[in-house]
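In what follows, a structure is listed as structure tokens, so that the remarks can point back to it.
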Amino acid sequence: MRVISGMCKGRHLQAVPGMSTRPTTDKVKEAIFNMIGPYFADGIGLDLFAGSGGLGIEALSRGLERVVFVDHDAKAVQTVRKNVAACGLEKRAEIYRNDAERALKAVAKRGLRFSAIFLDPPYKEKKWPTLLSLIAERDLLEADGVVVAEHPAGAELPEEVGNLRQWKRETYGITGITIYRRIDEQKGDESDGEHCRLPGEL
């Protein structure tokens, strides 16, 4: 695995030891950022099932101001820390070991909104509808933000969840990518919420 583009282009990333995580391939990662970017001026990202941290690090390399990395696996959290350090991105990253649903509630309490939220939960757990509902209910997406859900190619994700609606869907071999945006943003009714920094702790 490597960083594909941006300030950290070419940096190699460590994989999480063992078989507990499923890293996003470089091909799929590049396709994701071609759909949602490919570069960013600023903003905050959330890499919710971070694994090795590849998606969040790619987002930082391409211009996001900060990224919050979350994973419940201790080995994954250690790997994210190593990869973030190898890319010199420690000051722009927050890294936590936590359950995804608890993490979403915690960032909501902090008043955070995100430009990009990456969801790549274990396929067998089928958590996408629950997580999308929490994101919508807690109003965690900025008006021009995106939620990127990675899933099996044949999986059917909901067209609409709360104020989130499918915007793009692509298939790459056995992997599917579904991208959601806020419905009010698509209608031109952007939220007047302020862009939130990252004070305190998760």
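The values are calculated or read from the model by the stated rules, or taken from the named source; none is laboratory data. This structure is a prediction, so every number in the text was calculated from the model and none was measured. Quick reminder, even Gly has a Cβ in these numbers, built from the backbone with ideal geometry, and neighbours come from all protein chains shown. Accessible surface is based on the protein model in full, side chains and every heavy atom, while ligands, DNA and RNA are left aside. Shrake-Rupley method; radii C 1.70, N 1.55, O 1.52, S 1.80 Å.
Residue count for region 86-100 satisfying the condition of being under 25 Å from Phe33 (Cα atoms) and either among the charged types (D, E, K, R) or assigned to a loop (DSSP other than H, G, I, E, B) (or both): 7. The set of residues in region 72-86 that are among the acidic types (Asp, Glu) and open to solvent by less than 10 Å² (accessible area, probe 1.4 Å) is empty.
Which of the residues spanning region 35-49 are of a type outside the set (Val, Ile, Thr) and open to solvent by less than 10 Å² (accessible area, probe 1.4 Å)?
Gly43, Gly45, Leu46, Asp47, Leu48
Inside region 110-139, residues that are outside any helix (DSSP H, G or I), open to solvent by 10 Å² or more (accessible area, probe 1.4 Å) and either touching a helix residue (DSSP H, G or I) at 6+ places or on another chain (Cβ under 9 Å) or farther than 17 Å from Val28 by Cβ (or both) make up a count of 9. Among the residues of region 59-73, those that are within 17 Å of Phe114 (Cβ to Cβ) and not in a helix (DSSP H, G or I) comprise Arg62, Gly63, Leu64, Glu65, Arg66, Val67, Val68, Phe69, Val70, Asp71.
Of all residues in region 166-186, count the ones that are surrounded by fewer than 17 Cβ atoms within 10 Å (Cβ to Cβ) and closer than 16 Å to Ser133 by Cβ. Final tally of qualifying residues: 2. Given the structure, is Glu142 closer than 16 Å to Ile183 by Cβ, open to solvent by less than 60 Å² (accessible area, probe 1.4 Å), among the charged types (D, E, K, R) and touching a residue at least 12 places away in the same chain (Cβ under 8 Å)? Answer is yes for this residue.
Kindly evaluate Leu60 against the criterion of being farther than 20 Å from Thr175 by Cβ, touching a residue at least 12 places away in the same chain (Cβ under 8 Å), touching a helix residue (DSSP H, G or I) at 6+ places or on another chain (Cβ under 6 Å) and surrounded by fewer than 22 Cβ atoms within 10 Å (Cβ to Cβ).
On the way: farther than 20 Å from Thr175 by Cβ: yes; touching a residue at least 12 places away in the same chain (Cβ under 8 Å): yes; touching a helix residue (DSSP H, G or I) at 6+ places or on another chain (Cβ under 6 Å): yes; surrounded by fewer than 22 Cβ atoms within 10 Å (Cβ to Cβ): no.
Spelling it out, it is not the case that Leu60 is farther than 20 Å from Thr175 by Cβ, touching a residue at least 12 places away in the same chain (Cβ under 8 Å), touching a helix residue (DSSP H, G or I) at 6+ places or on another chain (Cβ under 6 Å) and surrounded by fewer than 22 Cβ atoms within 10 Å (Cβ to Cβ).
When you scan region 90-107, do you find a residue that is farther than 19 Å from Ser52 by Cα, surrounded by fewer than 16 Cβ atoms within 10 Å (Cβ to Cβ) and touching a residue at least 60 places away in the same chain (Cβ under 8 Å), even just one? Among the residues of region 90-107, not one is farther than 19 Å from Ser52 by Cα, surrounded by fewer than 16 Cβ atoms within 10 Å (Cβ to Cβ) and touching a residue at least 60 places away in the same chain (Cβ under 8 Å), which makes the answer no.
Taking the criterion of being surrounded by 13 or more Cβ atoms within 10 Å (Cβ to Cβ) and assigned to a helix (DSSP H, G or I), the residues of region 2-33 that qualify are Asp26, Val28, Lys29, Glu30, Ala31, Ile32, Phe33.
Pairs meeting the criteria (first residue in region 74-89 and within 14 Å of His12 (Cβ to Cβ), second residue among the charged types (D, E, K, R), beta carbons under 6 Å, at least 6 apart or on different chains) are Val84/Glu90; Cys87/Arg11.
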